[in-house]
Amino acid sequence: GNGHTPFVSVIVPAYNEETTIALAVESILKADYPHFEVIVVNDGSEDKTEEQLTGFSEAGKIIYVKKPNGGKASALNRGIREARGEIVFFTDADSFFRRDTIRKIARWFVDPSVHAVCGNDEPIAPSTAMQKLLAVTTHIGSGFVRRALSVMQVLPIISGNSGAVRKEYLEKVNGFSEMWGEDLDLTFKLQKAGARIVFDPEAIVACDVPAGFQALWRQRVRWM
């Protein structure tokens, strides 16, 4: 592609994520992309999330913001306020980037008519039968459907762990509404504003999939 590499701000909201946050941040920092910053917003964690991040913030590798707990949307909005990038890329503290994830997402923004890009969240190394089944449904289900929607230029949902939006567009719709289901809400607001959203199956963010059915069921109910 051409050499346009817009500055990307990766925002990671974190609430009690001591087990995965360091690995997640490390995976983002390894990106083979020249212009990006990582903003971690600690949303009032009560565990060792902050300690896990100290090394990164002291070394100046991340922008670390600490705030009282206010929920994921408020953490994302706080991150947007800090962001200097032309493109804002949202992810989760239990999601892991591949080296090319940012580059794959960023390449779409060379086209000024693209306002947002939805990446592909893949379950990590499926170990249990439940996870294997889920990996299959993920590919047949959301991946296929989102790809079809993107081709028709209808709207894919920007999932919370792999969505990127032009900052000017986020400002236009006033960021995330501080409500339940913040990523779906942002999707509706962008759609209303006439944003063009594409789905990129190659921009992969691996997510930590719940191994047990209970956890999975809760996650899916929340998603619905």
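The values are calculated or read from the model by the stated rules, or taken from the named source; none is laboratory data. Keep in mind the model is a prediction, meaning the values are calculated, not measured. Positions of Cβ are generated from backbone atoms using ideal geometry, with glycine treated the same way; all protein chains shown enter the neighbour counts. We work out accessible area using only protein heavy atoms, side chains counted, and drop any ligands, DNA or RNA first. Shrake-Rupley method; radii C 1.70, N 1.55, O 1.52, S 1.80 Å.
Restricting segment 24-36 to residues that are closer than 18 Å to Glu58 by Cβ and either aromatic (Phe, Trp, Tyr) or open to solvent by 10 Å² or more (accessible area, probe 1.4 Å) (or both), which is modelled with the highest pLDDT?
Filtering first and then ranking leaves Leu29.
Would you confirm whether any residue within segment 87-99 is surrounded by fewer than 16 Cβ atoms within 10 Å (Cβ to Cβ) and under 16 Å from Gly119 (Cβ atoms)?
yes
Which of (1) part of a helix (DSSP H, G or I); (2) under 15 Å from the mean Cα position of the chain (by Cα); (3) not aliphatic (A, V, I, L, M) does Glu37 not meet, given it meets every other one?
So Glu37 meets the others, but not (1).
Determine, yes or no, whether Arg81 is farther than 24 Å from Asp185 by Cα and open to solvent by 50 Å² or more (accessible area, probe 1.4 Å).
Considered against the rule, which asks whether it is farther than 24 Å from Asp185 by Cα and open to solvent by 50 Å² or more (accessible area, probe 1.4 Å), Arg81 comes out as no.
Can you tell me how many residues within segment 154-188 are under 16 Å from the mean Cα position of the chain (by Cα) and either open to solvent by less than 30 Å² (accessible area, probe 1.4 Å) or modelled with pLDDT under 65 (or both)?
Residues in segment 154-188 being under 16 Å from the mean Cα position of the chain (by Cα) and either open to solvent by less than 30 Å² (accessible area, probe 1.4 Å) or modelled with pLDDT under 65 (or both): 19 in total.
Right, Gly60: in a loop (DSSP other than H, G, I, E, B) and at positive phi or not?
Taking the combined requirement at face value, the residue satisfies it.
From the list Ile62, Ile21, which one is β-branched (Val, Ile, Thr), more than 30 Å from Arg196 (Cβ to Cβ), open to solvent by less than 50 Å² (accessible area, probe 1.4 Å) and free of Cβ contacts under 8 Å to residues at least 40 places away in the same chain?
Ile62
Only one of these is under 25 Å from Val173 (Cα atoms), in contact (Cβ under 8 Å) with a residue 12 or more places away in the chain and hydroxyl-bearing (Ser, Thr, Tyr): Ser27, Ser74, Ser95. Name it.
The unique qualifying residue is Ser74.
Looking only at segment 37-54, how many residues end up being acidic (Asp, Glu), without any contact (Cβ under 8 Å) to a residue 40 or more places away in the chain and surrounded by fewer than 19 Cβ atoms within 10 Å (Cβ to Cβ)?
Total meeting the criteria: 4.
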